[in-house]
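Notes follow once the structure below has been shown.
The values are calculated or read from the model by the stated rules, or taken from the named source; none is laboratory data. Given the structure is predicted, the values throughout are model-derived calculations rather than measurements. Here the Cβ positions follow ideal geometry from the backbone for every residue, glycine too, while neighbour counts run over all protein chains shown.
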């Protein structure tokens, strides 16, 4: 994926999306009414970042339906929630909010996925995006303060050049592969059962580095327990303004951002998709949502359904080659 495509996500897209709505979606939205209870489905248990994000949004969507509730349809790494929405009525009563990995990486990881992200869903809009941080802990000498110094240290200590991620087959897993390939280091992946255990081992010095969503390591960075050497966004993170991107450091191919997006069943009428797009964008612009997202180190982003569909398609193609190069697959 080109840096310019990434920029289309990370630069506030409200103006462009609003213009597209006026041009192509407003008349359809006026002709639709949701008169039955609705659900926002999340494929993870309560308390996680996707769950918290979903609750923020539905709390601001008071006019979508007589009631709009959270449905934590968790299991199979988020895939059960996807399957639930795929088979739901295409009448606006079920929406899926999911991280990008489930739609753009899982198709290349699982031999039996059970859904097609392009054919089985209507893309509505992204709601937020976050980059990953290359964070090092006490397992790396304190004098290593830059990406260049870290690369040199890894080459001099190949038996200690381990990076952790929240799990195998995740975007941080493959982002770490991208980083190792770009920097020319023998970077060994260590999967954990979740983000928290990976960060704990980073702080304890059990692993040299962690490729993590910025939110997961931000408190430790602020406390001086770990150091962020670079981020994978197209632009610097507002939460880590002093930390350069890999693009700035001369590695333009090392870009990876986990967006969170909303989808509806494939047969949902386009006018209803536009109505959902409008309602979600309005929810994102409330003061409560903006302040909460800032605390979560999330960038608020949105676009038209057609533009979001292009992003999904482009990201599927981007990660196809990267996953294939690792040789990683899951048998499930």
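Taken together, the residues in region 46-59 that are surrounded by fewer than 19 Cβ atoms within 10 Å (Cβ to Cβ) and over 17 Å from the mean Cα position of the chain (by Cα) amount to 2. What do you reckon, is residue 90 more than 18 Å from the chain's Cα centre (by Cα), at pLDDT 95 or above, surrounded by fewer than 18 Cβ atoms within 10 Å (Cβ to Cβ) and more than 21 Å from residue 259 (Cβ to Cβ)? Criteria met by residue 90. Restricting attention to region 260-267, does a residue exist that is modelled with pLDDT of 95 or more and not in a strand (DSSP E or B)? For region 260-267, residues modelled with pLDDT of 95 or more and not in a strand (DSSP E or B): present.
When region 218-234 is filtered for residues that are part of a loop (DSSP other than H, G, I, E, B) and either crowded, with 18+ Cβ neighbours inside 10 Å or in contact with a strand residue (DSSP E or B) (Cβ under 7 Å, 6 or more places away or on another chain) (or both), the ones remaining, listed by number, are 226, 232, 233, 234. Across region 243-270, the number of residues qualifying as in the same structural domain as residue 89 (by TED's automatic domain parsing), out of contact with any helix residue (DSSP H, G or I) (no Cβ under 9 Å at 6 or more places or on another chain) and crowded, with 17+ Cβ neighbours inside 10 Å comes to 0. Per the listing 240, 215, the residue uniquely in a loop (DSSP other than H, G, I, E, B) and not assigned by TED's automatic domain parsing to the domain that holds residue 90 is 240. Restricting 297, 325, 314, 306 to residues that are at pLDDT below 95 and over 15 Å from residue 260 (Cα atoms) narrows the list to 325.
Looking at region 110-144 only, could you name the residues that are over 29 Å from residue 221 (Cβ atoms), touching a residue at least 60 places away in the same chain (Cβ under 8 Å) and in a loop (DSSP other than H, G, I, E, B)? Within region 110-144, 111, 112, 117, 118, 119, 120 meet the criteria. Here region 188-212 is the region considered, the condition is being in a loop (DSSP other than H, G, I, E, B) and either modelled with pLDDT under 90 or within 15 Å of the chain's Cα centre (by Cα) (or both), and the residue that is farthest from residue 231 (Cα to Cα) is 193. Selection of region 64-109 for residues being in contact (Cβ under 8 Å) with a residue 60 or more places away in the chain, within 18 Å of residue 280 (Cβ to Cβ) and part of a loop (DSSP other than H, G, I, E, B) yields 64, 88, 90, 91, 92. For region 196-212, a residue qualifies if it is farther than 17 Å from residue 138 by Cβ and buried (at least 22 other Cβ atoms within 10 Å of the Cβ), and exactly one does: 211.
Can you pull out every residue in region 301-332 that is in contact with a strand residue (DSSP E or B) (Cβ under 7 Å, 6 or more places away or on another chain) and surrounded by fewer than 17 Cβ atoms within 10 Å (Cβ to Cβ)? Correct list: 330, 332.
Restricting attention to region 46-63, the residues that are under 21 Å from residue 170 (Cα atoms) and not in a loop (DSSP other than H, G, I, E, B) total 6.
Looking at region 145-160, can you tell me whether even one residue there is within 23 Å of the chain's Cα centre (by Cα), outside any strand (DSSP E or B) and modelled with pLDDT under 95? Taking every residue of region 145-160 in turn, none turns out to be within 23 Å of the chain's Cα centre (by Cα), outside any strand (DSSP E or B) and modelled with pLDDT under 95.
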